[in-house]
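Provided herewith is a single structure, encoded as structure tokens, for subsequent inquiry.
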Amino acid sequence: KAKRVKYTGHPLLKEKWDRSLTVTENYRNLGLVSRVNGVRGGVVKDLFAKPKQQEEEDEKGELSEEQIKKAIPKGYGIIERDEEGNVINVIMAEEEGDPLDSDYEVEKVEAKEEGARILEEFAATHEEDRERWISQGERRILQEFIDKHGDNYEAMFWDKKLNLQQLTKRQLEKKIKKYLDDKAKAKF
């Protein structure tokens with residue numbers, strides 16, 4: 001039996017967590033997935049078994065054109081020909097839309113379980129903006145860069161003694177700008 005674990009996840013789901021269940025069972029009850037890549041072991045799949053729906057369709061005989069379109073892999077098609085070899089029809093796979101296309105919109109899927117719905121609502125209403133801070137050691141090094149090179153980021157980039165982390169010019173510029181902004185705020 002799997003180990004019972006104390007809940008340390010999102011506070012909104014804490015009241016829905018059942019301590020008598022395993023993590024996997026709790027996640028399943030909340031409508032979440034505990035392993036993104038699926039089951040690791042312990043389950044044997046029959047690779048040659050057909051789903052019941054497919055078996056029923058096979059017994060009926062022919063498939064509709066829509067069913068064929070769904071069954072064809074993306075980028076492939078089926079060419080129908082008559083007895084003489086002339087092309088009658090070409091059936092292409094259904095195009096789902098290109099996610100890189102600017103007009104592409106992902107369909108909003110309703111959460112099946114309350115736990116997943118709570119997390120989706122929270123994610124839609126809260127934007128997490130973490131405050132980045134600069135450590136004392138990094139502040140010291142950035143001040144050394146400024147003292148030695150001023151605002152010459154090219155020279156900072158090529159300084160082998162100070163630029164031990166091999167930061168790019170752009171990275172140095174961003175870090176120093178942040179450092180100077182923080183330093184100006186501290187004075188007020």
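Could you please let me know if Glu66 is modelled with pLDDT of 65 or more and within 30 Å of Glu120 (Cβ to Cβ)?
no
Quick one: Glu113 ticks every box in (1) open to solvent by 100 Å² or more (accessible area, probe 1.4 Å); (2) at pLDDT 70 or above bar one, so which box is it?
With (1) open to solvent by 100 Å² or more (accessible area, probe 1.4 Å); (2) at pLDDT 70 or above applied to Glu113, the lone miss is (1).
A quick yes/no check of all residues on (1) on the phi > 0 side of the Ramachandran plot; (2) open to solvent by 90 Å² or more (accessible area, probe 1.4 Å); (3) modelled with pLDDT under 75; (4) of a type outside the set (Gly, Ala, Ser):
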{"position": "Ser34", "(1), (2), (3), (4)": "no, no, yes, no"}
{"position": "Val44", "(1), (2), (3), (4)": "no, yes, yes, yes"}
{"position": "Pro73", "(1), (2), (3), (4)": "no, no, yes, yes"}
{"position": "Ile79", "(1), (2), (3), (4)": "no, yes, no, yes"}
{"position": "Glu83", "(1), (2), (3), (4)": "no, yes, no, yes"}
{"position": "Ala93", "(1), (2), (3), (4)": "no, no, no, no"}
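Within segment 2-32, restricting attention to residues that are hydroxyl-bearing (Ser, Thr, Tyr) and surrounded by 10 or more Cβ atoms within 10 Å (Cβ to Cβ), which residue is modelled with the lowest pLDDT?
Restricting to residues being hydroxyl-bearing (Ser, Thr, Tyr) and surrounded by 10 or more Cβ atoms within 10 Å (Cβ to Cβ), the top hit is Tyr7.
Considering segment 131-188 alone, what residues qualify as being open to solvent by less than 100 Å² (accessible area, probe 1.4 Å) and part of a loop (DSSP other than H, G, I, E, B)?
Listed by number, the residues that qualify are Ile134, Ser135, Gly150, Asn152, Asp159, Leu162, Asn163, Leu167, Thr168.
If I ask for residues that are in contact (Cβ under 8 Å) with a residue 40 or more places away in the chain and aliphatic (A, V, I, L, M), which ones from segment 131-163 would you list?
Within segment 131-163, just Ile134 meets the criteria.
The values are calculated or read from the model by the stated rules, or taken from the named source; none is laboratory data. Everything numeric here is computed off the predicted structure, so don't read it as measured data. Note that we place each Cβ from the backbone using ideal geometry, even for glycine, and neighbour counts take in every protein chain shown. Side chains included, ligands, DNA and RNA excluded: accessible areas come from the protein's heavy atoms. Shrake-Rupley method; radii C 1.70, N 1.55, O 1.52, S 1.80 Å.
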